Every structure is written in structure tokens, then in C-alpha cells.
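Notes to accompany the following structure.
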Amino acid sequence: MTTQQLPSRRPYRPPARLGGGTPLNASFRRRATVVAFLAPALIILGAFVAWPMVSALGLSFTDASGFGDPNFVGLANYLRVFTDPHILRSIANTGLYAVLFTPVAVVIALVLALIVNSPRLPFRGFFRSTLFLPFIVSLAVAAFAWSYLLDPQIGLVNYWLQGAGIRIGNVLQDPLLAMPTVVLVAVWKSFGFYMVIFLAGLQDIPGSLYEAAELDGAGAWKRFTNVTFPMLSNTFAFVVIVALIAALQAFDQIYVLTGGGPYRSTETIVMQVYQSGFKDLDLGFASALSYVLLIITLLLSLVQFLFFGRRGEELSE
């Protein structure tokens, strides 16, 4: 008796996909599409951000002036940054500017954000838009306007102060008052931007937390310290870091209002970079000073980020 042989099985083939192509080809097409959309932005960033940074790093080790072939000088430019008394003073002025600007701008922005976030405030939208308007104006243009407002002869500020019996003279030519004055202009220009960031953080806080705090008998200050500030810790850290970076890059209003004077009392690191690179044509030293500023900014931002992040975790526990 013979047994009937079973028919041989054909190898399994998956059904055809709609649109054709294998999963590998579909994945490749998706990646190619992403790269195609990102390519213009990547090219622009590479040409105008990455390459200038790499080129400046190379120039910082040379005596480049824009004319002739640069010569390699090693760390001489970086050593000059920490030995030149004028550069050291500009670093100290930059630190003073940051110490004055950062806390004042952040505190004013936070207080105003708390005020305009109150549902009991009438015309909240109007006040929010009005307080944000100075940020739209160019800082250089605002500095020109403030230079006329602060003019001792025709300025409205001195006119109003004299009406109140206060005489301060030309504050932009006073070595003690020039730095607070340029800081005041920068605070007026920037606090609206930080206020909007705080508003976004305040609106993310659940209202149930405030209701629970009120049921527990917490007053306005207790609600702020136990609910608002802990929930705003990440936003607060972000605003402080952004304000600090802006302070370390101060240039526009200082260039317009004082030009670094009087007696170099408002000369900052960026002013020195401008002076060395575009007036003295010492491109190598200007590049080295720029990278020193970059390293200082990164270190301070890292320290603040770690401090506020740890503080936020402690407050949330």
C-alpha cells in the first residue's frame, strides 16, 4: 500500500502594503522627509552659528587682525584677558551690572505677574499688553529716547525731579550713577518679557491648591511661599538664567548712553570685544575674550540651574 505524498508548502509572503514598499523603505522615506524639512535650518545654523564659533576659536590662538596671515600665539590672548587691568575692570563692571540687573528685573517681573494674574483686576488684558510693550522696542532705540529724557537741560526726568526739589545733574556722566542708570533702562526694557513667562507659569498652577490653602487658613503670604513659589521654581530658575545671560551680554544701551564711560565705569566685556575687534582690529584677542565670556556664562548658568533645581525639589517635598 502506497501512501499519498503531501503537497509541498509554499513559503509565506506577507500581503502587499497599501502604497507599496517594505517597512524598511517606509522608514527610510520618513527619515528622508524629516531631513529634507530640517536641512534649510541646519544649513543656516551651520553657516551662521557653528562655523563662526569654530572659526573664532581658531582665531583666539592667533594674532589675527584681518590683514595678512595670522600667526599662532598659543594662550597669549587668554593670558592677557586675566592680566590686562582694563579687561579686569570690564569683567568687574559686567559682574556689577549682572548683580544689579538680574534680581531687580526678576523681582519686578514676578510682582507684576502676580498682580496682572489676579482675576479681580479689571482690564487685565490691557495692563498685560501695556507692560509688555517696552520689550517690543529695540533696546538701542529705547536708549536714544532715554538719553533725551535724562538730559540735564531738556530732559523730562530732571524737570520732574527739579519740580519735586531734587537735583541730580547729568547722571550719565556721574561715575557712581551711570551704571545704575543703564541698568534702569535695561530693566524697563526687559521686565515685560520675564513677566509673560511668569504669567505662563502661574496659569499652570491648579486652582485647587489655593482653595485647599484657604481652607487651611493660609493668608496671602503663606499661599505664596507654600504654593506659588514652589510650583514656580522651574520657571523662576529659567527666568533667572535668561536674565543673567542677557546681563552678561549688555551692550546696546551702554554704547548709546555712555559709550563705556565715564572713566570706563560702564565698560563691559562685550564693549571690550567690540573695541578690540572692530576698532583696534585685534581679532585674535577679541575672539579669546568672547570665549572667556562664553565659559563664564555657561558656568554661572550651570550653577544657577543646579541650585534652583535642588531648591525646587526641597520645596516640593
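Once the C-beta distance of L302 and S138 is scaled by a Förster radius of 30 Å, the resulting FRET efficiency is 0.45 to the nearest 0.05. Relative contact order for the chain: 27 percent, from Cα pairs under 8 Å spaced at least 6 residues apart, divided by residue count. Once both labels are positioned 7 Å from their Cα atoms along Cα-to-Cβ, the gap between A32 and A92 label points is 6.3 nm.
Look at the dipole of region 85-316 built from charges on Cβ: of F307, F123, F251, the Cα furthest out on the positive end belongs to F123. Going through [x] 29.5, 94; [y] 29.1, 128; [z] 20.9, 75, the figure that equals Rg and Dmax of the Cα atoms in Å as computed for the structure here is [y]. Taking 0.36 nm per residue of separation and subtracting the Cα-Cα distance, full extension of the segment from L281 to W160 would add 39.2 nm. Would you mind checking region 183-222 for residues with the amide N under 18 Å from a putative spin-label position 7 Å along Cα→C-beta of Q249? The answer is 183, 186-195, 197, whose backbone nitrogens lie closer than 18 Å to the label point. Residues whose amide H falls under 5 Å from that of T62, counting only those 5 or more places apart or on a different chain, are V73, with hydrogens built in the peptide plane.
Helix 85-116 and the longest principal axis of the C-alpha atoms of the chain enclose an angle of approximately 70°. Counting only trypsin sites (Lys or Arg not before Pro) that sit in a DSSP loop (anything but H, G, I, E, B) with at most 12 other Cβ atoms within 10 Å, what is the longest stretch of the chain containing none of them? Value returned for the longest uninterrupted segment is 168-317.
Solvent-accessible area per residue in the chain equals 64 Å², computed with a 1.4 angstrom probe and all protein chains kept. Round to a whole number: what % of the accessible area of region 83-173 belongs to carbon and sulfur, probe 1.4 Å? Result for region 83-173: 71 percent of the exposed heavy-atom area is carbon or sulfur. In this simple spin-label approximation, S129 and L42 carry label points 7 Å from Cα along the Cα→Cβ vector, and these lie 4.2 nm apart.
Its DSSP H runs of at least 4 residues, each contributing -39,500 (n - 2.57), put the calculated 222 nm mean residue ellipticity of the chain at -21000 deg cm²/dmol, to the nearest 500.
Considering only protein heavy atoms and a 1.4 Å probe, what is the carbon-and-sulfur percentage of the accessible area of region 240-314? Carbon and sulfur atoms account for 66 percent of the accessible area of region 240-314. Taking 0.36 nm per residue of separation and subtracting the current Cα-Cα distance, fully stretching the chain between S147 and F229 would add 25.8 nm.
Across region 129-144, coupling constants 3J(HN,Hα) worked out from phi with the 6.51/-1.76/1.60 Karplus curve, θ = phi - 60°, read 5, 5, 5, 7, 4, x, 5, 6, 6, 4, 5, 5, 5, 4, 5, 4 Hz, and Gly and Pro carry x. Can you give the longest stretch of the chain with no exposed loop site, where a site means chymotrypsin sites (Phe, Trp or Tyr not before Pro) in a DSSP loop (not H, G, I, E or B) with at most 14 other C-beta atoms within 10 Å? Answer from the scan: 124-262. Semi-axis lengths, largest first, of the ellipsoid equivalent to region 152-238 are 42, 16, 11 Å, with √(5λ) applied to each eigenvalue of the Cα gyration tensor.
The values are calculated or read from the model by the stated rules, or taken from the named source; none is laboratory data. For clarity, every value in this text was computed on a predicted model and none was experimentally measured. Note that we place each Cβ from the backbone using ideal geometry, even for glycine, and neighbour counts take in every protein chain shown. In case anyone asks, the SASA skips ligands and DNA or RNA and just uses the protein heavy atoms, side chains included. Shrake-Rupley method; radii C 1.70, N 1.55, O 1.52, S 1.80 Å.
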